[in-house]
Amino acid sequence: MHSCWVITKRELGAYFSTPLAYVFIVIFLAMSGALTFFLGAFFERGQADLQSFFSFHPWLYLFLIPAVAMRLWAEERKTGTNELLLTLPVPTWAAVIGKFLAAWVFIGIALALTFPFWITVNYLGEPDNGVILAAYIGSFIMAGGYLAIGSCISAATKNQVIAFIIAAVVSFLFLMSGVELVQSFFQGWAPDFVIEAIKSMSFLTHFNDIVRGVIDLRDVIFFGSVMGVFLFANTAVVDLTRGS
Amino acid sequence: MSEQGGELGGMITLDGLTKKFGSFTAVDNISLSVGKGEVLGFLGPNGAGKSTTMRMVTGYLPISGGRAMVCGHDIETDPLEARRCIGYLPEGAPLYGDMTTRQFLGFIAEVRGFTGADKKKRVETAIHKLELDAVVNQPIETLSKGYKRRVGLAQAILHDPDVLILDEPTDGLDPNQKHQVRELIHNMAKDKAIVISTHLLEEVTAVCTRAVIIAHGKLVFDGTPDQLQSQAPTHNAVTIRFTSSEGLVIKSDLSSLPDVARVETLNGTNTLMVIPAAGASIVDAVGICVRDKGVEIDEIFVERGHLDDVFRQLTLRG
């Protein structure tokens, strides 16, 4: 556990030692603002809540989280530092978790920096802050799901651009699996339980409950399982790609 | 071939170590043991399997066959314990370029379980040993190749490991830095088992107590640097430079001496090289012969033999 934390600290430092962290945070905040106020019609809705802010998170994360995750392992493989890291007395899983936590904490920092939205809505009206807190927690947990996918895919390639694109596509599939478009593709030939299973994999469906302020245990378990499965796969991929 | 163990037996023991990439055998059934106090020079042409062997011993690459024990720990079944007692400099000395030298060494110290004052002391000692004081606060990516290599070495010796595995430690260093690193290796050698890979043959005579050559993944030589040198075709050959070309007439006399394989005239000079059979010592007999014939000579000396020749002879075979 100790080595996990040491790696998390190093990785977090690595984000802030390059412009990446600042670029990411600025873009995340700017896009959140633009989407909330223009597309989300924050003022026009006339409601004191942050639904129009949170409802864009699944889409925002679709691009931004693969950008955070892409360097996690691809960069190590490219520069050869994974040979250094993986010959230190650290189990592979600890390195995987350590890196994942660093990126997750980083996204948490970016998410926390959206507090002006919360101040604004409290200034304008009397929102249910419990719902807002629940939505923040839910958004953070969902970010972890995207991140685990991105981290796993980053381990499979040396090329960060490829890691980004594939992670975005896979995340997109998870995001969209509950949408009519995808569902109708399966309807008519796939058995019901398959359709249900696909539907149940949807980030969107699980997140929609959370935005409304309901943290259902099932949703938490769902995102937790996504993280678990992809980080487990991540560990396996790191071990399989040693030396290649 | 010689079988040597250090005083405490094998700190590193390879038993039939094999690595296959698909149908290609990169490392083929290598067995050897390195003991405390030994500095083993691991030689071989590029692509012979040096780095692959080192990567297996340090637990980076999975092993296809045989086994590797480090400090009594099997690298496959007990990888963390084995890695704790290894200091490893990977090929090309990969480092986290975004960190400063001190941050990086601090990170390695923490991963290796040092904290507080102990960590600080370890880091400072390593900085001092590799003379990195001038660059401690510089990001590693801005450092010269020589400094990067030394940061890599500092990282490897930081925890004072029992086993040091250094893949081309002096690559990219200038002659002064090479000397310094060899000095460092020499000073640490007493209570460690050290393996260095290199293709600089001078390095073997400079720091190694033992030389191992691999070619095509197979072990082709294991012995002391002296034994290696003695395999040179010109080992113990006697070169004579005569004052004038008249001296060359004794060529046939020299050829008929016992233990002399052949005598060569070096092109366009008044110089003969007398090559012995099987490295025998012939300088006495040659000297007497020259004196008896009364020819005038400018110089006479015994060749030590070129390691390059031995290297080529051993690695090009087959």
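The values are calculated or read from the model by the stated rules, or taken from the named source; none is laboratory data. Fair warning: this is a prediction, and the values are worked out from it, not measured in the lab. For neighbour counting, all protein chains shown are included, and Cβ atoms are generated from backbone atoms with ideal geometry for every residue, glycine included. Just so you know, the surface numbers come from the protein's heavy atoms only, side chains and all, with ligands and any DNA or RNA stripped out. Shrake-Rupley method; radii C 1.70, N 1.55, O 1.52, S 1.80 Å.
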Filter the strands (runs of 3 or more DSSP E) completely within the stretch B:109-223 down to those with at least 3 residues that are within 14 Å of chain A (Cβ to nearest Cβ).
B:163-167
Among the residues that make up the stretch A:61-72, is at least one of them in contact (Cβ under 8 Å) with a residue 12 or more places away in the chain, open to solvent by 40 Å² or more (accessible area, probe 1.4 Å), not β-branched (Val, Ile, Thr) and not in a helix (DSSP H, G or I)?
yes
Do any residues in the stretch A:112-123 that are farther than 17 Å from A:Ala41 by Cα and among the small types (Gly, Ala, Ser) have Cβ atoms under 9 Å from those of residues that are open to solvent by less than 70 Å² (accessible area, probe 1.4 Å) and assigned to a helix (DSSP H, G or I), where the two are at least six apart or on different chains, and which pairs are they?
A:Ala112/A:Tyr136
Please name all residue pairs, on different chains or six or more residues apart, with Cβ atoms under 6 Å, provided the first residue is in the stretch A:172-185 and is of a type in the set (Ser, Thr, Tyr) and the second residue is not in a helix (DSSP H, G or I).
A:Ser177/A:Met201; A:Ser177/A:Ser202
Among the candidates B:Thr53, B:Thr58, residue that is at the interface with another protein chain (Cβ under 9 Å from one of its Cβ atoms) and either touching a residue at least 60 places away in the same chain (Cβ under 8 Å) or within 14 Å of B:Met11 (Cα to Cα) (or both)
B:Thr58
Give all pairs with beta carbons closer than 7 Å in which a residue from the stretch A:207-224 that is closer than 17 Å to A:Phe54 by Cα meets a residue that is hydroxyl-bearing (Ser, Thr, Tyr); count only pairs at least 6 apart in sequence or on separate chains.
A:Val211/A:Ser55
Are any residues in the stretch B:75-102 more than 7 Å from every other protein chain (Cβ to nearest Cβ), open to solvent by 20 Å² or more (accessible area, probe 1.4 Å) and not in a loop (DSSP other than H, G, I, E, B), and if so, which ones?
B:Pro79, B:Glu81, B:Thr100, B:Arg102
I need the full set of residues from the stretch B:85-107 which are more than 23 Å from the chain's Cα centre (by Cα) and free of Cβ contacts under 8 Å to residues at least 60 places away in the same chain, in order please.
B:Tyr96, B:Gly97, B:Asp98, B:Met99, B:Thr100, B:Thr101, B:Arg102, B:Gln103, B:Phe104, B:Leu105, B:Gly106, B:Phe107
Screening B:Glu131, B:Glu203, B:Glu141 for residues that are surrounded by fewer than 20 Cβ atoms within 10 Å (Cβ to Cβ) and on the phi < 0 side of the Ramachandran plot leaves only B:Glu141
Looking at the stretch B:19-30 only, could you name the residues that are open to solvent by 20 Å² or more (accessible area, probe 1.4 Å) and either in contact with a strand residue (DSSP E or B) (Cβ under 6 Å, 6 or more places away or on another chain) or touching a residue at least 12 places away in the same chain (Cβ under 8 Å) (or both)?
B:Lys20, B:Thr25, B:Asp28, B:Asn29
Return the residues of the stretch A:1-42 that are closer than 30 Å to B:Arg112 by Cβ, open to solvent by less than 60 Å² (accessible area, probe 1.4 Å) and not in a helix (DSSP H, G or I); say none if nothing qualifies.
A:Thr18
Quick check on this structure: which one of A:Ala156, A:Ala236 is among the small types (Gly, Ala, Ser) and within 14 Å of another protein chain (Cβ to nearest Cβ)?
A:Ala236
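Can you tell me which residues in the stretch B:267-299 are open to solvent by 70 Å² or more (accessible area, probe 1.4 Å) and under 28 Å from B:Thr243 (Cβ atoms)? Spell out the reasoning first.
First, the residues of the stretch B:267-299 that are open to solvent by 70 Å² or more (accessible area, probe 1.4 Å): B:267-268, B:278, B:281, B:284, B:288, B:291-293, B:296, B:298-299.
The answer is B:Asn267, B:Gly268, B:Ser281, B:Asp284, B:Ile288, B:Arg291, B:Asp292, B:Lys293, B:Glu296, B:Asp298, B:Glu299.
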Can you tell me which residues in the stretch B:292-314 are at pLDDT 85 or above and closer than 14 Å to B:Leu257 by Cα?
B:Asp292
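Quick check on B:Thr125: is it open to solvent by less than 30 Å² (accessible area, probe 1.4 Å) and under 28 Å from the mean Cα position of the chain (by Cα)?
no
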Checking the conditions here, which among B:Lys178, B:Lys190 is open to solvent by 10 Å² or more (accessible area, probe 1.4 Å) and closer than 15 Å to B:Gly10 by Cα?
B:Lys190
